[in-house]
1. Give GLY258, GLY209 a once-over and let me know the one that is at pLDDT 95 or above and in a loop (DSSP other than H, G, I, E, B).
2. Please tell me if ARG337 is away from ligand 2 (no atom under 16 Å from the Cβ) and either touching a residue at least 60 places away in the same chain (Cβ under 8 Å) or under 30 Å from ILE158 (Cβ atoms) (or both).
3. Among TYR143, TYR186, TYR172, which is the only one that is farther than 23 Å from PHE325 by Cα, of a type in the set (Phe, Trp, Tyr) and more than 16 Å from ligand 3 (Cβ to nearest atom)?
4. Using beta carbons and a limit of 8 Å, which pairs, at least six apart or on different chains, have the first residue in the stretch 176-194 and outside the structural domain of ALA389 (by TED's automatic domain parsing) and free of Cβ contacts under 8 Å to residues at least 60 places away in the same chain and the second one crowded, with 21+ Cβ neighbours inside 10 Å and not in a strand (DSSP E or B)?
5. Given the criteria of a type outside the set (Gly, Ala, Ser), more than 15 Å from ASN110 (Cα to Cα) and free of Cβ contacts under 8 Å to residues at least 24 places away in the same chain, does ARG24 qualify?
6. Checking GLY194 against (1) within 16 Å of ligand 3 (Cβ to nearest atom); (2) under 23 Å from ASP392 (Cβ atoms); (3) surrounded by 23 or more Cβ atoms within 10 Å (Cβ to Cβ), only one condition comes out false. Which one?
7. Being under 30 Å from ALA394 (Cβ atoms) and buried (at least 24 other Cβ atoms within 10 Å of the Cβ) is true for just one of SER140, SER131. Which residue is that?
8. Run down ASP165, ASP136, ASP74 and say which single residue is touching a residue at least 24 places away in the same chain (Cβ under 8 Å), farther than 22 Å from GLN14 by Cα and more than 16 Å from ligand 3 (Cβ to nearest atom).
Amino acid sequence: MQDNLRINGDRLSQRLQELAQIGRIAGDGVCRLALSDEDRAGRDRVVGWMRDLGLAVKIDTIGNVVGVRAGREDGPPVMTGSHIDTVRTGGRYDGTLGVLAGLEVIATLNDAEITTKRPVAVAFFTNEEGSRFQPDMFGSLVYTGELPLAVALATKGIDGLTAGDELTRIGYAGPEPVGQPRAHAYVELHVEQGPVLEAGGFRIGAVEGVQGISWSEFTLTGQSNHAGTTPMRMRKDAGYVAAKIAVFARKLAKEIGGYQVATVGALTMSPNLVNVVPNHVVMTVDLRNTDEARLQEAERRLFAYADEIAAAEGVGLTRRTLARFAPVAFTPNLVDRVEAIAKDFGLPVKRLPSGAGHDAQIMAAVCPACMIFVPSVGGISHNVEEYTAPADLAAGADVLLRLVLELAE
Ligand code: HGY
Ligand code: MN
Ligand code: MN
């Protein structure tokens, strides 16, 4: 009976559509920055669905929310989930698919009146994106003990507000100690956010691991001066140094090759006026690679170059690490199961690494963990045009259902 069990794809798409209205932005995108009013509204909606499905909802001191469905026996639940916070130009699937597919698994078990041996839990973690408060995977890092709660609560966001104050303001500073309930295993369904599955005609990704991530913030201090009267040889131009660092980062990624990527995503210049040589720039550089040694080489070369060009231009430079994760490998036998289940369902499946960071890479430190990917049309994500076909959403959720059932028995 359980082999023929499938989720209800329409109900899943319905919920995705409804949640996407919360924080909706032009172009059918979503903006629910972590701990914002929109995040609160999204949280309230998902907690409401959790309660409607009969889950026991627990909120911990960093605002992670876990809905637990009782099993025939007590003990650590099989956990699935993801995040519902988004970047500023977010799509409707990044994170939310994993949470709502988890709820769809619960609804399907309820409809079929199946009680699994182990409890099953659906979680959403606080601030996975790391756009407003760094680092990313914030909530799952606190859940696993890698990021101390006090440090997380004291973290200042890009708007100067602290995570603790914002968490209290939105009413999600929960009573539960972090790290509860300990998971028996963690499985996360997520859109690929890259071009690989679509390009190869694959429907499912059996994710082997997550690449290493290095986020740095550079603060450059020059001298504001008159754009017309200051000879080029007398300038201390922070904007020029920032531009040189950005061009170097791009060249470095090309030279290292392979999976190496480099992104200058955030850059603020002051006084940001047409006729003033900029004296102050804050910029970020995001470096990633599946190979830790190569990632360290990229960091070493970038940092050395930045120091060199800043010194040559008489511009002060300080650097701060915003996030740093080594590559993570998922549990091999779980990756094998994702691949085998997809084949069972007749779904073309490919093993691949994740280019994006996910809560699953953090959970892998405390329990067996894996991820299931479904294709992103055009490989687009962190963009309002993010799209995954309903049939692929349902296929991914069916693979999730089957794996959760296996792990929960
Ligand atoms: O940056 C990332 O990879 C993720 O979206 N937080
Ligand atoms: Mn995500
Ligand atoms: Mn994301």
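1. Values: GLY209 fails: in a loop (DSSP other than H, G, I, E, B).
After ruling out the rest, the residue left standing is GLY258.
2. On the way: away from ligand 2 (no atom under 16 Å from the Cβ): yes; either touching a residue at least 60 places away in the same chain (Cβ under 8 Å) or under 30 Å from ILE158 (Cβ atoms) (or both): yes.
When the stated conditions are applied, ARG337 passes them.
3. Details: TYR143 fails: farther than 23 Å from PHE325 by Cα; TYR186 fails: farther than 23 Å from PHE325 by Cα.
Residue meeting the stated conditions: TYR172.
4. Cβ pairs passing all conditions: none.
5. Criteria met by ARG24.
6. That leaves (3) as the condition not met.
7. Numbers: SER131 fails: buried (at least 24 other Cβ atoms within 10 Å of the Cβ).
Testing whether each residue is under 30 Å from ALA394 (Cβ atoms) and buried (at least 24 other Cβ atoms within 10 Å of the Cβ) leaves just SER140.
8. The unique qualifying residue is ASP74.
The values are calculated or read from the model by the stated rules, or taken from the named source; none is laboratory data. These figures come from a predicted structure and were not determined experimentally. Virtual Cβ from ideal backbone geometry, glycine too; neighbours counted across all protein chains shown.
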